[in-house]
Amino acid sequence: MSELIQKFVQSILPWLSTHGLKILIIVLLAYFVRRFAKIFIDKTVRKLVVSDHFLSKEAEKKREDTLIRIFTGTFNIVVLAIALLMILQEIGVAIGPVLAAAGIAGLAFGFGGQYLIRDLISGLFIIIENQYRIGDVVCFDGTCGSVEDISVRMTTLRDLDGIVHHVPHGEIKKVSNLSKQFARVNLDIGIAYNSDLEKVIEVVNRVGKEIAEDPNWKEHILKPPQFLRVNDFADSAIIIKILGETKPIMQWGVTGELRKRLKIAFDKEGIEIPFPQRVIHQTP
């Protein structure tokens, strides 16, 4: 048994001292190239990306982080592929036939690959045009959620139920970004027909001003929610529209707080939010 081990060690040592050492150098080189490339891409993107004066510093950082993540991921794939081919060559696998087989397979799957090419081209335009970034809330033809990841081929969304959606870029026909530059509080509320409209306007504007001056909310609000117009005469209520502006993604939280405060204020001022009503006529 000891002789077998000795023979094995004697036979493996020359290989380890030559090919094994080269494989170790390839692995270490690939590791350090990826690390330094990440730092280089980070600094380069942050210097070269032209600032958009319509975007806040936070939005600009999200845009740069998205580009850095995509470029770094693409570069890592290239480095790993090259390192793997070099390791296979050192192990003794002829990479020429492997590359030739890959080329033949590429031709065989060329027809199906058109969808991959479509996804890649669409992804490049999404990135270049800065349509959305990681952290934005977007909708793709009815599929909505927070952008968790963007690759060159697809976007990963997570909706409010925690469901993750992987959407290929080639399938995206329309992008609705709910969190770019700013967002709006757009609230319709019904009040009773016998309400004093001027009093209602005064209460709404007062509540909107109060929430905009509240230390817990003022940093999220760009324009205080205010009465805009009488939006409709419904069957049981006068519908008024309230409009304001918030920082991206904060419109839902601000709108919820505004609803709560309006309900409390309306109760104190005796302003009724009516239930649907029906008048039934009975014939004798």
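Name every residue in the stretch 219-271 that is part of a helix (DSSP H, G or I) and polar (S, T, N, Q), in order of residue number.
Those that are part of a helix (DSSP H, G or I) and polar (S, T, N, Q): Gln251, Thr255.
Okay, residues lined up against (1) among the small types (Gly, Ala, Ser); (2) free of Cβ contacts under 8 Å to residues at least 60 places away in the same chain; (3) closer than 14 Å to Ala183 by Cα; (4) not assigned by TED's automatic domain parsing to the domain that holds Lys62:
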residue: Val204; (1), (2), (3), (4): no, yes, no, yes
residue: Glu210; (1), (2), (3), (4): no, yes, no, yes
residue: Glu219; (1), (2), (3), (4): no, yes, yes, yes
residue: Lys241; (1), (2), (3), (4): no, yes, no, yes
residue: Leu258; (1), (2), (3), (4): no, no, no, yes
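Mind listing just one residue for me: the one in the stretch 226-261 that is more than 29 Å from Asp136 (Cα to Cα) and of a type in the set (A, V, I, L, M) and, of those, modelled with the lowest pLDDT?
Ala234
In this structure, does Gly135 turn out to be assigned to a loop (DSSP other than H, G, I, E, B) and within 28 Å of Met250 (Cβ to Cβ)?
Answer is yes for this residue.
Sort through Ile239, Ile189, Ile211, Ile249 and tell me the only one that's of a type in the set (Val, Ile, Thr), surrounded by fewer than 19 Cβ atoms within 10 Å (Cβ to Cβ) and over 30 Å from Thr155 (Cα atoms).
Ile239
Restricting attention to the stretch 273-281, does a residue exist that is assigned to a strand (DSSP E or B), touching a residue at least 60 places away in the same chain (Cβ under 8 Å), surrounded by 15 or more Cβ atoms within 10 Å (Cβ to Cβ) and outside the structural domain of Val138 (by TED's automatic domain parsing)?
Checked the stretch 273-281: no residue is assigned to a strand (DSSP E or B), touching a residue at least 60 places away in the same chain (Cβ under 8 Å), surrounded by 15 or more Cβ atoms within 10 Å (Cβ to Cβ) and outside the structural domain of Val138 (by TED's automatic domain parsing).
Go through the stretch 1-91 and tell me which helices (runs of 4 or more DSSP H), entirely inside it, have 2 or more residues that are at pLDDT below 70 and at positive phi.
The helices (runs of 4 or more DSSP H) meeting that bar number zero.
Among the residues of the stretch 138-188, count how many are of a type in the set (A, V, I, L, M), part of a strand (DSSP E or B) and closer than 29 Å to Leu258 by Cβ.
The number of residues fulfilling the criteria is 7.
I need the full set of residues from the stretch 119-135 which are touching a residue at least 40 places away in the same chain (Cβ under 8 Å) and farther than 13 Å from Ile172 by Cα, in order please.
Passing the criteria: Ile127, Asn130, Arg133, Ile134, Gly135.
Those residues that are at pLDDT 75 or above and not in a helix (DSSP H, G or I), I need them from the stretch 108-132; list them, please.
Correct list: Glu129, Asn130, Gln131, Tyr132.
The values are calculated or read from the model by the stated rules, or taken from the named source; none is laboratory data. Owing to the predicted nature of the structure, the values given are computational and were not obtained by experimental measurement. Neighbour counts are summed over all protein chains in view; Cβ atoms, including those assigned to glycine, are modelled from backbone coordinates with ideal geometry.
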